[in-house]
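Heads up: the structure comes next, in structure tokens.
Throughout, read-outs are computed from the coordinates displayed, never taken from laboratory work. Because the structure is predicted, anything quoted here is derived from the model rather than measured. Reconstructed Cβ throughout: ideal geometry from the backbone, glycine too, with neighbour counts over all protein chains shown.
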Amino acid sequence: MLEAIKELIENAPKLIHNRDELSAFKRELSKKYKISSLANAVIIKEYKRLLSLNKIEANFDLELLLRKRSIRTLSGIAPVAVLTKSYPCPGNCAYCPRQKDVPVSYLSNEPAVMRAIRCDYHPYTQVSSRLRALEDNGHRPEKIEVIVIGGTWSYLPTKYKYWYILNCFKAANEYKAKGGLRKSPYKQNLKLAELKELLLKEQKKNESSSYRIIGLTLETRPDYINNKEVEEMRALGCTRVEIGVQALSDEILKLNKRGHGVKEVAEATALLKKYGFKITYHLMPALPGASPKKDLQMFKQLFTDERFQPDQIKFYPTVVTEGSLLYKWYKQGKYKPYSDKVLQNLIAQCKAVVPEYVRIIRLIRDIPAESIVAGNKITNLRQILQQRGIKCSCIRCREAKELTMTKYKINIISYEASGGLEYFISADSLDHKILYGFCRLRLDKNSPISPAIIRELHVYGELMPVGSGSKVQHRGLGKELMNKAEQIVKQEKAEKLAIISGVGVRGYYRKIGYKLANTYMIKKMVYNK
């Protein structure tokens, strides 16, 4: 088998250019060497071994073809989801299941929860094991977005929050691709002041670590967002906040015992944007009290009402699970979910009107079908809509993925949002069908950080290791987008420009003239007298 793998690797540059050719060559080798089919995971393992011994040259194209679920890193970043342990929840939402020793709204058989349970919910172990799993499947997760899930982050004890994020950074800093998993996490008996000091040290290390956390996402409720909370989030290194909006209707929110109204959603959105955060809304079509017509109306309002304008969206269609109040309502005949056809048509209508500066991250939540009593059980909803010819202009549907960058044009869209002016600066193919990268610039005189702030800079395409140059990433496109943003800032005569930078990407901004100040990268604008 090893001889067959070696022959495959040696012949790959000239014979293997796509997955069909890879499959055909694997069949040929299996017949030639009289062995069972060669598994990609086995080929990857031997490839890495030979590479470490300098017996072969790196072949990134082959790595991509061997990769399992390559879509995970085709946005340019490796997502690493970690789950906090079970704590009391401040809410009493009708649709949330409640299981012992599992965070409220989560189920013990969800993939992310099962991984967390195996790690005893420890952040260090979760990060390390996810990095290893990604590499074992052929990914190269040197650029990481840590996504902390588990309910209302803002309701957790402060010491636990600092300890948790501290260990996420330590895990990334200590992880070695060839050296196995090191286990030296920080203990929970440290004082808060010690945790804060250690976090600063680990963040500093991460700026030049082999595995850099370039984005940190926290999940919370809109009614727990205030100045103190967002400042703490920034100290932790957070760059994106996911908030449970569910519906833009006080009536629906009240019926479902959400505990807040639309006013709190608008206020949280405004405050987060003033601090430069990217914002993801969780939306739940088919809630009790809603209708397909009302759901579509609320979705359109997201982009016609300047109080909202989220950057990203996660659809979580309402499902009935045991352990929730909604389950009782369903059994009593008080609630009936949408049919598959109605739900698909609704989401298709939503996708048709989504602006091109918004990314639809999810269309369903990853709940196993056996746990769903009623509601959507279709796991490949995105693929079904694509097969129906449903067109969407969102970021996820247009991002470059595996494509090589060709001629492009810089486009600018501006829109009002939460008392400020947003600029979506994008690099698109000439036919506007492919998105190679973008920059989100916000102008807001009432921002406590800066009158001009870049909330996101992202170059799409295959995830490339730091320092490499291929396909879309590391071709200078990021600097070109930054230059365009700086031109707009100078036209507005703002005295400085701030960037809500992830810890692991601070070095990039230093190279183009930015300095760290109060967790943001800052550049003073220079004007000719």
**Request:** Figure the gain on full extension for residue 155 and residue 114 (residue separation times 0.36 nm, minus the Cα-Cα span) and round it to one decimal in nm.
**Result:** 12.5 nm
**Message:** Based on Cα coordinates alone, diagonalise the gyration tensor for region 139-275, multiply each eigenvalue by 5, take square roots, and list the semi-axes in whole Å, largest first.
**Reply:** 32, 16, 13
**Message:** Given 10 °C and 1.306 mPa s, compute D for region 310-453 with the Stokes-Einstein relation, Rh being the Kirkwood radius over Cα pairs; round to the nearest whole µm²/s.
**Reply:** 89
**Request:** Can you spot the lysines whose alpha carbon is less than 27 Å from residue 6's alpha carbon? Ignore those fewer than 8 places along the same chain.
**Result:** 14, 26, 31, 32, 34, 45, 48, 55, 68, 176, 178, 471
**Electrostatic dipole magnitude of the chain [Cβ: Lys, Arg +1; Asp, Glu -1; Cα centre; debye, to 20]** = 540
**Prompt:** Can you give the charge dipole size of region 128-273 about its Cα centre, rounded to the nearest 20 debye, using +1 on the beta carbon of Lys and Arg and -1 on the beta carbon of Asp and Glu?
**Reply:** 640
**Fill in**
The answer for the net charge of residues other than residue 38 whose Cβ lies under 13 angstrom from its Cβ, with Lys and Arg +1 and Asp and Glu -1, is +3
**Cα→Cβ-extended label distance, 7 Å offset, between residue 527 and residue 31, nm** = 7.4
**Complete:** If unit charges are put on Cβ atoms (+1 for Lys and Arg, -1 for Asp and Glu) and the dipole of the chain is taken about its Cα centre, the option from 337, 87, 247 lying farthest towards the positive end turns out to be 87
**Message:** Relative to 2.2 N^0.38 Å, what does the C-alpha radius of gyration of region 2-66 come to as a ratio? Two decimals please.
**Reply:** 1.01
**Request:** Restrict the search to region 1-49; then list the trypsin sites (Lys or Arg not before Pro) that DSSP places in a loop and that have at most 10 other Cβ atoms within 10 Å of their Cβ.
**Result:** 34
**Request:** Compute the projected area of the convex hull of the Cα atoms of region 408-524, averaged over all viewing directions, and report it in nm² to one decimal place.
**Result:** 7.5
**Asked** For the charge dipole of the chain, defined by +1 on Lys and Arg C-beta atoms and -1 on Asp and Glu C-beta atoms about the Cα centroid, which residue among 230, 213, 152 has the Cα displaced farthest towards the positive pole?
**Response** 213
**Request:** Report the Stokes-Einstein translational diffusion coefficient (µm² s⁻¹, integer) for region 69-220, Rh taken as the Kirkwood radius over Cα pairs, at 10 °C with viscosity 1.306 mPa s.
**Result:** 99
**Full-stretch length increase - residue 380, residue 133 - with 0.36 nm per residue and alpha-carbon distance subtracted** = 86.6 nm
**Read-out semi-axes √(5λ) of the Cα gyration tensor in Å, derived from the coordinates shown; its label in (i) 35, 30, 26; (ii) 53, 28, 23; (iii) 45, 28, 20** = (i)
**Message:** Quick check for me: using +1 on Lys/Arg Cβ and -1 on Asp/Glu Cβ, what's the dipole size of region 5-64 about its Cα centre, in debye to the nearest 20?
**Reply:** 320
**Prompt:** Quick one: if the Förster radius is 45 Å, what FRET efficiency do residue 183 and residue 491 give, using the C-beta to C-beta distance and rounding to 0.05?
**Reply:** 0.30
